[in-house]
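Below is one structure, written out as structure tokens; comments come after it.
What follows draws every value from the coordinates through simple rules; no lab data is involved. Just so you know, these numbers come straight off a predicted model, no measurement behind them. Every residue, glycine among them, receives a Cβ derived from its backbone with ideal geometry; neighbour counts consider all protein chains shown.
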Amino acid sequence: MIQSESIKELATALSAFQGEVKSVSKDAVNPFYKSKYASLDTIWESIKPLLKKHGLAVAQFPDENGLTTILMHNSGEWLYATSLIHAIKDDPQAVGSALTYARRYALSACLGISADEDDDAEVATRVKTPPSPQKATSKPVVTHRASEQEAGEVDIPQFEDSKHMMGWLCSKTSLDFKGITAKAEQNYKELKTQEDMQKFAKKVINEKVS
């Protein structure tokens, strides 16, 4: 994070803002685990009046280095930080989705807003029991997913957060949190960026299918 020489007035205004801001409505649903979260539009609608009241403004700029989020105060004080944007595919739709994801999380973190349900990993640990192996037939049944795994080419999605990532890994590997952590040799709670989560997931998946 980089800031102006002083952020005294900004800090005072931000404290007042956080004291008045209400819980943001969770109006969207994660299609993977049915957990609710606040969309970017809803967050902005909830905070704009209070930002104006306390002389605060937020701007976000994507560039080749990632997404920069700037918090400014009418005193001239400011602070900003840049987060990485990692799109799963190199196409406009994937890049746009990754940008929206990054903007939502960066805006919430900057202002101290809770935009997601905290289920204490309950949803992420709900792993369905793997189906019983099929009986052998004259011709082996090979699914498209099995073929991808044999080749080590498992598509890894973009994750909402580390809990979402762990739930996905549980469903793909039939391992529990402890088993996944042992495979990766790293605590998933330490993962802060989309790039970190992608590397973690690839390491677990590659070891599982190799």
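Normalised by the residues of the range 2-111, what does the relative contact order come to in percent, with Cα pairs under 8 Å and at least six apart?
26 percent
Which pairs in the list 26/52; 89/189; 178/203; 89/163; 36/199; 89/178 are over 19 Å apart, alpha-carbon to alpha-carbon?
Too far apart for the 19 Å limit: 26/52; 89/189; 89/163; 36/199; 89/178.
Working only with C-alpha atoms, what are the Rg and Dmax values of the range 2-111, expressed in angstrom?
Rg then Dmax for the range 2-111, in Å: 15.2, 44.
Pop the C-beta distance of residue 114 and residue 174 into the FRET formula with R0 = 30 Å and round what comes out to the nearest 0.05.
Given R0 = 30 Å and the Cβ-Cβ separation, E is 0.40.
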